[in-house]
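All remarks here apply to the structure that follows.
The values are calculated or read from the model by the stated rules, or taken from the named source; none is laboratory data. All of these numbers come straight from a predicted model, not from anything done at the bench. So basically every Cβ, Gly included, is an ideal-geometry build from the backbone, and we count neighbours across all protein chains shown. The area values use the complete protein model at the heavy-atom level, side chains included, leaving out ligands, DNA and RNA. Shrake-Rupley method; radii C 1.70, N 1.55, O 1.52, S 1.80 Å.
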Amino acid sequence: MYAKVIGHTRYNFPDLKTLLARASPARSGDRLAGLAAQSEEERVAARMALADVPLSAFLNEALVPYESDEVTRLIVDTHDSGAFAPVKSKTVGEFRDWLLSDEATTEALARVSPAITPEMAAAASKLMRNQDLIAAARKITVVTKFNNTIGLPGRLSVRLQPNHPTDDPKGIAASIVDGLLYGSGDAVIGINPATDNVASVTNLLLMLDAMRRKWKVPTQSCVLSHITTTLRSMEAGAPVDLVFQSIAGSEAANASFGVDLALLRQAREAALGLNRGAIGDNVMYFETGQGSALSANAHHGVDQQTMECRAYAVARVFKPLLVNTVVGFIGPEYLFDGKQIIRAGLEDHFCGKLLGLPMGVDVCYTNHAEADQDDMDTLLTLLGVAGCNYIMGVPGADDVMLSYQSTSFHDALYLRGVLGLKPAPEFEAWLTSMGILDSAGRVRPRLANPAAAALLTFDGLS
Amino acid sequence: MSARDEWYALRDLTPARLALGRSGNALPTSRVLEFQLAHARARDAVHRSFHPEEIAAEFGAVPAICVTTQAGDRLSYLINPALGRELSPTSRARLKRGRYDAVLVIADGLSPTAVHKHGAALGHAIFKALPDLKWAPAVIVTQGRVAIGDEIAKLLGADIAVVMIGERPGLTAADSLGLYLTYAPKSAITQDAERNCISNVRPDGLPLAEAARRLAWLAREARRLRLSGVGLKEDAPETALPPGL
């Protein structure tokens, strides 16, 4: 039982999960689940009570039962008690102060990361303002490698997302060429397939591999099919760089995605066995998003942001190259408007980084949410300042297959431009060699340059 | 500031917004405004008020009943999807039990615009494609989601619920309809896997007559096999329920 007395009112919170939910910044998904604070004062009372909870309480009280949930078992069984020492005796409020202090250097944050459980990260984030989420995340560096190096300070990578409503290979190739000419694609060239079957996925993988080899692009490719399709494609000999899967924060929510930890482990082993990475072996790519557990009715009475952090605990044991929250995709019943989407994007980025993940963010919205390009510009800029590893690059920000708005190749140029960020080093060198970057390091492609013009000679376009 | 790049010819290969040109790092003015127009149309399509009586009038001789759900307004419809899956008490009382093969339910969904533009025409095409079925009166729902068809079919005593619903508008199309077929729906417990879906129905997407033809195939197979959903997956165009519906 947790409680806080304010004036003549005593606010009671029967358990940790209720306390966390009531302390969460307002969002429609928690209200939909009946978990949100009933008043603004109750929300602050919950935060005050949460600030006094010892971090060690999260090791003693499971929010989702250990016996029935393999994600809880993973969190508890892999907890690094040695690394926990520097923060072991702190309360949640003291932990927030420490995260923002001079003591919490890049190195100190990296050392403590394996000891931080998702619930601790979520708890601290609920006491943090947006600027705290940015300032603390900016101190955390998570570098991953496959065919290039992602996440170095001063760099911003882009997933080139060349989707097509019917998976037409020519249409997809056209979007890839456009993206490369705009300097995008260093995080991954990743297609969401409209049709999830082995034949169609394998065809796309072969095309991506041919393009990448023809121009010697230092990046990796991925078709974001269900993990079972990717496994069968690998068995059939398809050139799989990265294994993709959507994941969530409970065993039941993962079951609704058709996966469990054993399947993720099996697919990772298969991809490692292909030994395709030129400079590293981070072979996994995960997507997450607040609200997915609730929409599968698998949230166990836990608020959506804490459930999201639990998905990061799943991700981190598989040493992924890329993890991104698809923050505004799920719709207004979970994140109602630009304000809620912006807050959630900053929370997800910070909590993922604190847990040691190479976080990117799909800065996005749907047409039934109260959001527009101005909100996306705001979140994009804040994430750039926070040191986000990568964003999405969709032609004109309009995904013509998934029918939502993400960030564009132009948005990436804007962000790199205003903050002085560069692409991944290997990719930057390639862009220069292709005549896409000018002498000032800006993306200014000219087809008069034969290297850039050569991109238009890909067989797949004719 | 050219509003196109030298590789503009690639646009012939995809509906994606390629080769938009640049003003420095930014989009050229005309491209910014073009995007805003598409977004404005999509937003208007979501929030346009729905006039069920106009749809009923367009059905002419086909009897139609207009009903409402527990979602009293657009805001509560958007933030609480469950409300759009249950009829209001007064509407429930208006649906009288009979013996029918099927009922056509027309719901505004996330695009009242789509229903106003193509709903009646698609309805007529469906009736024409399945003349041998005994149809219940058509039911037109304000603030409805896909699962509202389950309760309606149960109350009317119809074996099959066909729900026509306005799909979430994208920037390319704000007037797409979706069709969902459910055999013997069980209110509150019907799973998405038990439905068959035909999406992107609009003149520039999947044409109305073709959509009606596919639906008729599904309806006949559903009656023959006495089921719907993944069991009908073979040959059916699409089965998954997209997010937000």
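Semi-axes of chain A's equivalent ellipsoid from the Cα gyration tensor, sqrt of 5 times each eigenvalue, largest first, rounded to whole Å?
The three semi-axes for chain A are 38, 23, 21 Å.
How far apart, in nanometres, would the label points at B:Asp73 and A:Asp459 be if each is projected 7 angstrom from Cα along the Cα-to-Cβ direction?
6.1
Taking only protein heavy atoms into account and a 1.4 Å probe, give the accessible area per residue of chain A in Å².
Per residue, chain A has an accessible area of 33 Å².
I'd like the accessible area for A:Met392: 1.4 Å probe, protein heavy atoms, all chains in place, Å² to the nearest 10.
0
Using the Karplus curve 6.51 cos²θ - 1.76 cosθ + 1.60 with θ = phi - 60°, what ³J(HN,Hα) values do you get for each residue of the stretch A:160-165, in whole Hz, with x for Gly and Pro?
Working through the residues one at a time gives 7, 10, x, 5, 9, x Hz.
Can you list the residues of the stretch B:73-106 whose accessible area drops by at least 10 Å² going from the chain on its own to the full set of protein chains, with a 1.4 Å probe?
B:Leu75, B:Leu78, B:Ile79, B:Asn80, B:Pro81
How much of the accessible area of chain A, in percent, comes from carbon and sulfur atoms when a 1.4 Å probe is used?
About 51 percent, which is the carbon plus sulfur part of the accessible surface.
Report A:Trp98's accessible area, 1.4 Å probe, all protein chains in place, as a number in Å² to the nearest 10.
So the heavy atoms of A:Trp98 present about 20 Å² to solvent.
I want to check the label-to-label distance for A:Glu67 and A:Ala194. Put each point 7 Å from Cα in the C-beta direction and report it in nm to one decimal.
4.9
Which one, B:Ala216, B:Ala40, B:Ala120, has the greatest fluctuation when you compute a Gaussian network model over chain B with C-alpha springs under 10 angstrom?
Greatest mean-square fluctuation among the candidates belongs to B:Ala40.
Which lysines, if any, have their Cα less than 27 Å from the Cα of A:Lys216, not counting same-chain residues under 8 positions apart?
Partners within reach: A:Lys145, A:Lys170, A:Lys319, A:Lys422.
For the stretch B:52-231, what is the accessible area per residue in Å² when the probe is 1.4 Å?
39
May I ask you to list the trypsin sites (Lys or Arg not before Pro) in the stretch B:153-222 that are in a DSSP loop and have at most 15 other Cβ atoms within 10 Å of their Cβ?
Loop-located and lightly packed - B:Lys186.
Using only alpha carbons, build the gyration tensor for the stretch B:33-88 and give me the equivalent ellipsoid semi-axes, biggest first, whole Å.
Working: eigenvalues 137, 77, 9 Å².
Each semi-axis is √(5λ); the values are 26, 20, 7 Å.
Mind checking which lysines have their Cα closer than 23 Å to the Cα of A:Lys90? Skip sequence neighbours fewer than 8 apart in that chain.
Within the straight-line cut-off, A:Lys90 pairs with A:Lys4, A:Lys17, A:Lys126, A:Lys139, A:Lys353.
A:Val76 to A:Lys339: extension gain in nm, 0.36 nm per residue of separation minus the Cα-Cα distance? Provide the component values of the computation, followed by the final result.
Numbers: separation 263, 0.36 × 263 = 94.68 nm, distance 3.36 nm.
Roughly 91.3 nm would be gained on extension.
Pick out the long, greasy-scoring helices in chain B: whole DSSP H runs spanning 18 Å or more along their own axis by Cα, mean Kyte-Doolittle at least -0.5. Can you show the working numbers first?
On the way: long enough: B:29-47 (27 Å, -0.31); B:208-225 (25 Å, -0.24).
In chain B, the long hydrophobic H runs are B:29-47, B:208-225.
What does the helix-only formula give at 222 nm for the protein assembly as shown: each DSSP H stretch with n ≥ 4 adding -39500 (n - 2.57), the total divided by the residues, and the result rounded to the nearest 500 deg cm²/dmol?
Calculated from helices alone, the mean residue ellipticity at 222 nm is -11500 deg cm²/dmol.
Just check the stretch B:52-231 against the gyration tensor rule for me: Cα atoms, a ≥ b ≥ c as the square roots of the eigenvalues, rounded for a/c under 1.5, and otherwise prolate or oblate depending on whether a/b exceeds b/c.
rounded
First compute the accessible area of the stretch B:52-231 with a 1.4 Å probe, then give the percent of it belonging to carbon and sulfur atoms.
Within the stretch B:52-231, the accessible surface is 54 percent carbon and sulfur.
How many lysine pairs does the stretch B:52-231 hold where the Cα atoms are under 25 Å apart and the two sit 8 or more places apart or on different chains?
Pairs that pass both the separation and distance tests number 9.
Got a sec? Charge dipole of the stretch B:101-150, +1 on Cβ for Lys and Arg, -1 for Asp and Glu; which of B:Val105, B:Val115, B:Ile140 is way out at the positive end?
B:Val115
Cα centroid distance between the stretch A:225-290 and the stretch A:122-150, in Å?
24
Please list A:Thr202, A:Thr407 from largest to smallest accessible area, probe radius 1.4 Å, with all protein chains kept in place.
My answer, sorted largest first, is A:Thr202, A:Thr407.
When only DSSP loop residues count, what trypsin sites (Lys or Arg not before Pro) in the stretch A:53-112 have their Cβ near at most 16 other Cβ atoms within 10 Å?
Qualifying residues, ordered by number: A:Lys88.
Need one value: the accessible area of A:Met207 in square angstrom, 1.4 angstrom probe, rounded to the nearest 10.
Near enough 20 Å² of accessible area.
Compute the length gained on full extension between A:Ser56 and A:Glu235: take 0.36 nm times their separation in residues and subtract their Cα-Cα distance, giving the result in nm to one decimal.
Extra length available between A:Ser56 and A:Glu235 comes to 60.0 nm.
I want the antiparallel fraction of DSSP beta bridges within chain B, as a percent rounded to 5.
Close to 45 percent.
Could you work out, for the stretch A:1-69, what percent of all Cα-Cα pairs fall into each 5 Å distance bin, beginning at 0 Å and stopping at the bin that holds the largest distance?
The percentages, shortest bin first, are 4, 17, 27, 22, 18, 10, 3, 1, 0.
Could you give the nm distance between label points at A:Val5 and A:Asn449, where each point is 7 Å from its Cα heading toward the beta carbon?
About 7.1 nm separates the two model spin labels.
Please give the Cα centre distance for the stretch A:1-73 versus the stretch A:401-462, rounded to the nearest Å.
Computed from Cα coordinates, the inter-centre distance equals 46 Å.
Take every DSSP beta bridge with both residues inside the protein assembly as shown and express the antiparallel ones as a percent of the total, to the nearest 5.
Of all bridge pairs located within the protein assembly as shown, approximately 40 percent are antiparallel.
With a 1.4 Å probe on protein heavy atoms only, work out how much accessible surface B and A bury together, total over both chains, in Å² to the nearest 100.
Chain pair B/A: roughly 3400 Å² of buried accessible area.
Is there a quick way to get the dipole size of the protein assembly as shown? I mean about its Cα centre, with the Cβ of Lys and Arg at +1 and of Asp and Glu at -1; what is the value in debye to the nearest 20?
In total the dipole reaches around 400 debye.
List, by residue number, every residue in the stretch A:409-438 with a reduction of 30 Å² or greater in accessible area between the chain on its own and the complete protein assembly, 1.4 Å probe.
Residues losing area: A:His410, A:Leu413.
Can you list the DSSP H helices in chain A whose Cα atoms extend at least 15 Å along the helix axis and whose mean Kyte-Doolittle hydropathy is 0.0 or higher?
Membrane-span-like by this rule: A:169-181, A:198-214, A:261-274, A:373-386, A:409-419.
What order, most packed first, do the peptides B:77-84, A:181-188 have when packing is the mean number of other Cβ atoms within 10 Å of each residue?
Packing order, densest peptide first, comes out as A:181-188, B:77-84.
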